[in-house]
Amino acid sequence: MTTTEGDRAAELNAAGLDGQNRTALGRLLNTGSIGYAEEGSDGVLRATVRIPEDELRYDPSILILPHGGAIELTLINDDKNTHCAVLPSNGDPKFIWLVNHAKGTATLDLDGPGTYYYGSASGNDEGRGLTGAIVIGGEVPDSAKLDRPPQPRP
């Protein structure tokens, strides 16, 4: 049986896969919403990600960016438990500790297209579903391209 996109939330709920301690110990990875970063007049992409109370997920769990570059990501922990976020960034990953009802901001540098995953490394948060993805579209920067003849593209 196939499920249309509109039925996704209802199917996950019926199967007991949209929350903690139902069919699975935690939420299935990236079963949350999709969000989009907004580009400011300064060229910096900005987005806010929340951890809703008692849901053990990032919201949105998938963040889509039109291109790479500097990203200012604000994380808000609305949960009664302490969590964190280990975030990808060129060079070194960023770490934000989020105690109960806390807010933190990280500036990330992700210059290439692709999918970057992040999660909460405290306790077994990642194993129970507290993971997120940053998906970056666009082309590879010239500085990262190999010095070779153009290749055929599909």
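Here are some notes:
- Bridging of Lys103 to aspartates and glutamates at a Cα separation below 12 Å is possible for Asp78, Asp79, once same-chain residues fewer than 8 apart are set aside.
- With all protein chains modelled, accessible area of Ile136 [1.4 Å, Å²]: 10
- Across the stretch 60-65, computed HN-Hα scalar couplings (Karplus, 6.51 cos²θ - 1.76 cosθ + 1.60, θ = phi - 60°) run x, 8, 10, 10, 9, 10 Hz from first to last residue, x flagging Gly and Pro.
- Nearest-0.05 FRET efficiency for Ser41 and Val86, computed from C-beta distance (R0 35 Å): 0.70
- Spacing of the two label points (7 Å from each Cα toward its C-beta) at Lys145 and Asn100, in nm: 5.4
- Separation of the Ala10 and Glu53 label points, Cα + 7 Å toward Cβ, nm: 2.9
- Residue-normalised accessible area of the stretch 52-138, expressed per residue, 1.4 Å probe, Å²: 43
- Rolling a 1.4 Å probe over the protein chains gives Glu39 an accessible area of about 100 Å².
- Area accessible to solvent at Leu56, 1.4 Å probe radius, in Å²: 0
- The portion of the accessible surface of the stretch 33-154 made up by carbon and sulfur, rounded to a whole percent, is 50 (1.4 Å probe; DNA, RNA and ligands excluded).
The values are calculated or read from the model by the stated rules, or taken from the named source; none is laboratory data. Treat the numbers as computed from the prediction; the structure is a model and nothing was measured. Backbone-built Cβ (ideal geometry, glycine too); neighbour counts: all protein chains shown. Note: areas computed on protein heavy atoms with side chains; ligands, DNA, RNA excluded. Shrake-Rupley method; radii C 1.70, N 1.55, O 1.52, S 1.80 Å.
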